[in-house]
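One structure is given here, and the rest of the page talks about it.
The values are calculated or read from the model by the stated rules, or taken from the named source; none is laboratory data. From a predicted model like this one, the values you see are computed outputs, not experimental measurements. Glycine gets a Cβ as well: all are built from the backbone with ideal geometry, and neighbour counts include every protein chain shown. Note: areas computed on protein heavy atoms with side chains; ligands, DNA, RNA excluded. Shrake-Rupley method; radii C 1.70, N 1.55, O 1.52, S 1.80 Å.
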Amino acid sequence: MQSMGFRSDINFLRAIAVVLVVVFHFSNVALPGGFVGVDIFFAISGYLMTGIIVSQIQKQRFSLLSFYLARAKRIIPALSVMVLSVLVYAWFYLFDVEFIKLLKHAFSSLLFYSNVVYWQEAGYFSASAHQNWLLHTWSLSVEWQFYMVYPIILLLLTKVIGLRWTKLLIILGAIASFAASVYASNIWPDPAYFSLPTRAWQMMVGGIAFLYPVTFNTSSQRAVSLLGLAIMLISAAWVSPEMNWPAWPSALPILGAYLFLIADASKSLPVYNTAVFKYTGRWSYSIYLWHWPVVVWMNNQSFAVDVPIILGGIALSVVLGALSFWAIESRRVPVLHVVIFAAASTFAATANSFGLGETSLRTLSHSPSNTALYHYEAIRQKMADENNTLTCRLSSNKDRHGNFAYPAPCIDWEQQHGLLFWGDSHAESFSRGVLPGLPQQQSVSRIFSSGCRPSFDMKVGDSSVFRRACDQANETARTFVSKQRPDTVIIGMKDQHEMMDWDNIIAFLKANGTEQIIVIGPTPQYYPTVPLNYVKQGEGETLTSYKLDYAIPATDAKLASILADYDVRYISLFSHLCDKSEDAYRCRVKLNGELYSFDYGHLTPESARILANELLFDPGYL
């Protein structure tokens, strides 16, 4: 068993990890896999924590309370200062809907369960990430949860079965956790990304590096260390946010970290102790804390985030990190630390509990823009309530036996040659505008399911609720088309229309008597929401493309090209609402004085009605 001591190569690895994460967050185009830096941090933590715990257990000097206090002194003070600073800024500059959400995030970050909050709200790589000021604290919550559980397990196991068998159980535990992460990443990607059970193996692999040291000669040390470093850097360049994580590919950066840790090349590679790496490694925790608020702030300003701005943001993050290290981390003032933590957590808890996010004390709470945001929040809540009771989305409907089943009004199994709406929640929102304009005697059927691409052949599996509902909804559509032979089918979905198998969809519909196929293109989609972007950047009835999801115009153009070869009517919502000027778009977001969407892109019933009239009824398609 090796002894614990300062290793300059581990400090160097901290520097590499934080650089990867910071560059990725400021520009994921420059480094698409930079998020593996967090995985590397987990491996480092596992190595160091295992070393501290096991070394003290062997000396019979381990104290659970002392261990927890040491971790608290290391993590909480700098975190509390960052959270409190963000809250102070937010008090003056965020609207109520943003501020209330931030209060919830702040409290969960300070009590180390923010990873649970974020997996319930949105993905780490989602477009709305730049609205979550404390998103990066999820990793601190995972580490803290690991710190709470891991020493207890090691302490109990070493007492009951001894260190030798405990070491073997750690290996088995790492294997089990890795298997769980691979499985869960494909079924529940957000919980898998954020949760301790699917991340524990990364820290346990670091622990294994400590528990099973390998002795190398000087040249081998260098080779193994540099090989590990190369694997980590290749991982950062190769992987991307589109991959499920932490699935199979996540083993690559952890393998690199493992090799780096067992090599222990501090003395054989002096470059690891050069000044730039030495200080970046020492400041890495504080740099990590401060860089993400800088990223969020930059991405919520009116200026374009170009290369000079990105470089300035990175420099600011390093400066703030250095100041935080010097003023907070390096100061051993327990009373001050307790006061800072108490102030931050009390403010977040009190403001959240007593509704101070919408208090008269905040000037911004009285602004017309703030009132407008509440108006659209009320529409969103109304739609959510209706979706729980009046929806034709299969994913939201079950019978008394717990099986997915469409309510009777959704599908007309009596009359043939009617109209079929088919798709996801976006198709359903558009249908609400079409239905009022149809003749009363018109036979209408609606087959929807959340997040479900309409397809007669593509199966997404039964490994999750939404996937099971999706496959069943599409099978229902196939059966309906075969039996009821609708004259008109209207298809819609959120995005990625170009990825559908249009050959089979159109051929099957035509073979079953469908005379008119109408494909509704994606709406312009703004993140986090259309209302929030409008109150900040809107002019009259229009909004710039600053926060527009640029995958949408790309999908619109590809889909128009694909469907031009078929006997299909394509309705481009994007082209109807947006005009391009040079490299930017300006979209008409107000229809009859109201924004077209209450969230990022779902149509309000009124905007759906207006668009249906303009694009379907007025031209005589329906």
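Tell me, yes or no, whether the range 507-515 has at least one residue that is modelled with pLDDT of 90 or more, closer than 21 Å to HIS602 by Cβ and out of contact with any Gly (no Cβ under 6 Å at 6 or more places or on another chain). Scanning the range 507-515, I find no residue that is modelled with pLDDT of 90 or more, closer than 21 Å to HIS602 by Cβ and out of contact with any Gly (no Cβ under 6 Å at 6 or more places or on another chain), so the answer is no. Just give me the residues in the range 213-253 being hydroxyl-bearing (Ser, Thr, Tyr) and either surrounded by fewer than 19 Cβ atoms within 10 Å (Cβ to Cβ) or free of Cβ contacts under 8 Å to residues at least 12 places away in the same chain (or both), in sequence order. Within the range 213-253, THR215, THR218, SER219, SER220, SER240 meet the criteria.
Residues in the range 183-200 that are touching a residue at least 24 places away in the same chain (Cβ under 8 Å), more than 15 Å from the chain's Cα centre (by Cα) and part of a loop (DSSP other than H, G, I, E, B): LEU196, THR198, ARG199.
Out of PHE92, PHE99, PHE41, PHE67, one residue alone is part of a helix (DSSP H, G or I), within 30 Å of ILE234 (Cα to Cα), of a type in the set (A, V, I, L, M, F, W, C) and in contact with a helix residue (DSSP H, G or I) (Cβ under 8 Å, 6 or more places away or on another chain). It is PHE41. What pairs can you find where one residue is in the range 255-279 and over 22 Å from MET49 (Cβ atoms) and assigned by the TED database to the domain that holds ALA17, the other is open to solvent by 50 Å² or more (accessible area, probe 1.4 Å) and of a type outside the set (Asp, Glu), and their Cβ atoms are less than 7 Å apart, with a gap of 6+ or different chains? Within 7 Å, the pairs are SER268/THR218; SER268/ARG222; LEU269/ARG222. Among the residues of this structure, TRP292 does not count as one that is more than 25 Å from the chain's Cα centre (by Cα), outside any loop (DSSP other than H, G, I, E, B), more than 28 Å from THR218 (Cα to Cα) and hydrophobic (A, V, I, L, M, F, W, C).
Applying the selection to the range 71-91, what residues are among the hydrophobic types (A, V, I, L, M, F, W, C) and either open to solvent by less than 30 Å² (accessible area, probe 1.4 Å) or modelled with pLDDT of 95 or more (or both)? Those that are among the hydrophobic types (A, V, I, L, M, F, W, C) and either open to solvent by less than 30 Å² (accessible area, probe 1.4 Å) or modelled with pLDDT of 95 or more (or both): ALA72, ILE75, ILE76, ALA78, LEU79, MET82, VAL83, VAL86, LEU87, ALA90.
Among the residues of this structure, ILE490 counts as one that is open to solvent by less than 40 Å² (accessible area, probe 1.4 Å) and closer than 23 Å to GLY620 by Cβ. In the range 219-233, the count of residues that are under 25 Å from SER330 (Cβ atoms) and assigned to a helix (DSSP H, G or I) is zero.
Scanning the range 565-579 for residues that are small (Gly, Ala, Ser) and touching a Ser or Thr at 6+ places or on another chain (Cβ under 9 Å) turns up nothing.
The set of residues from the range 536-595 being buried (at least 16 other Cβ atoms within 10 Å of the Cβ), closer than 28 Å to GLN516 by Cβ and acidic (Asp, Glu) comprises just one member, ASP556.
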